[in-house]
Amino acid sequence: MPLSWLKRFKTGDYDLVHATFQTVAPAGLFHRPDNFVVTVHDLAPLVYTNEQRDLSLKLQWNATPPALRRADRLIAISEFTKSEIQRLMDIPESKISVVRQGIDRKLYYPQDQAASREHFDLEPDMNYILVVSSDLEHKRIDTVNKVLDRVRETDPNTKVLKAGYGQNLQGEHVVNTGWVSEEDMPKLYSAADVYLHPSEYEGFGLPVLEAIACGTPVVARNVASIPEIVGKTTDLVPPDASVQTFADHVIRQMRWDSPVADLVERSRQFTWEDTATETREVYESVLG
């Protein structure tokens, strides 16, 4: 039943209700709480409508904009997401607070590359390009094999590691890791020479933050929220970059001794403690 998810959400007799994902917000149209806060992570399905793959998703995304307009306050996880809320739904800036996501520094930090490769049974002398992604349209996973082919023309001792949701990435020189536990993800980032993020639309881009926290250089487009994460630590490729431009950046990162300390220091600007504090401040402002 496409609308069965609505029955699962009850607001109860609370002073404030926080919907922590935007597609939960339509429940507020039927069970309107006195004070309603919604976190908006990503509006990609409104931009890439093909990603509304079934009737339930279509109904949810049709109901999401009016539900967000009725909320008392919206939390955007990046400045880019805030701008998209304003652009796509004409919601005033005063109604939107930016609260960025964080990183667990006790878990995500640079680890020994040789030991990390041994953990995943990877070849010790191979160059590895890591991709952590779903196969949704805006992720542009179709770019990866093309980039790999160009890189291998210069350095044939290179493979791709593919992790994340979606289908496995096909190719002779691709290693699909399958599901990787949260505890093992830092080892996976550390095992790689470069983290490749070809996505052209991101509400935040948590894998990019995880990569730099592990000291792994990033190759990504200069689009959406990505510049907010990497700051000046990474030379991003243009939004319309060619496959060859991506490959050139990957090769340069593999050959360059990247400033691990700078990457890690940048990641320290994103903490879950700050996320919690700023979220509490939103609650206090709504409750008055």
Considering only residues that are within 12 Å of I75 (Cα to Cα), surrounded by 14 or more Cβ atoms within 10 Å (Cβ to Cβ) and of a type outside the set (S, T, Y), which ones fall in the stretch 273-285? E278, V282
Residues of the stretch 263-272 classified as under 19 Å from the mean Cα position of the chain (by Cα) and assigned to a helix (DSSP H, G or I), total: 5
Strands (runs of 3 or more DSSP E) contained entirely in the stretch 170-250, each with at least 2 residues that are in contact with a Lys or Arg (Cβ under 9 Å, 6 or more places away or on another chain) and modelled with pLDDT of 95 or more: 174-176
Please state which one of E202, E210 is over 22 Å from T245 (Cα atoms) and crowded, with 21+ Cβ neighbours inside 10 Å. E210
Residues of the stretch 136-169 being closer than 18 Å to M254 by Cα and in a helix (DSSP H, G or I), which ones? V144, N145, K146, V147, L148, D149, R150, V151, R152, E153, T154
Please give the number of the condition V208 fails out of (1) in contact (Cβ under 8 Å) with a residue 60 or more places away in the chain; (2) within 22 Å of V98 (Cα to Cα); (3) touching a helix residue (DSSP H, G or I) at 6+ places or on another chain (Cβ under 7 Å). (1)
Residues within the stretch 62-80 that are in contact with a Ser or Thr (Cβ under 7 Å, 6 or more places away or on another chain) and not aliphatic (A, V, I, L, M), tallied: 4
Looking across the stretch 74-100 at residues that are of a type in the set (S, T, Y) and over 17 Å from E281 (Cα atoms), the single one that is nearest to the chain's Cα centre (by Cα) is T81
Of the listed residues (S242, S285), the one being among the hydroxyl-bearing types (S, T, Y) and more than 23 Å from N35 (Cβ to Cβ) is S242
Looking only at the stretch 154-169, which residues are touching a residue at least 24 places away in the same chain (Cβ under 8 Å) and farther than 20 Å from R221 by Cα? T154, D155, N157, T158, K159, Y165, G166, Q167, L169
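The values are calculated or read from the model by the stated rules, or taken from the named source; none is laboratory data. These numbers come from a predicted model, not from an experiment. Using ideal geometry, Cβ is built from the backbone for each residue, glycine included, and neighbour counts are taken over all protein chains shown.
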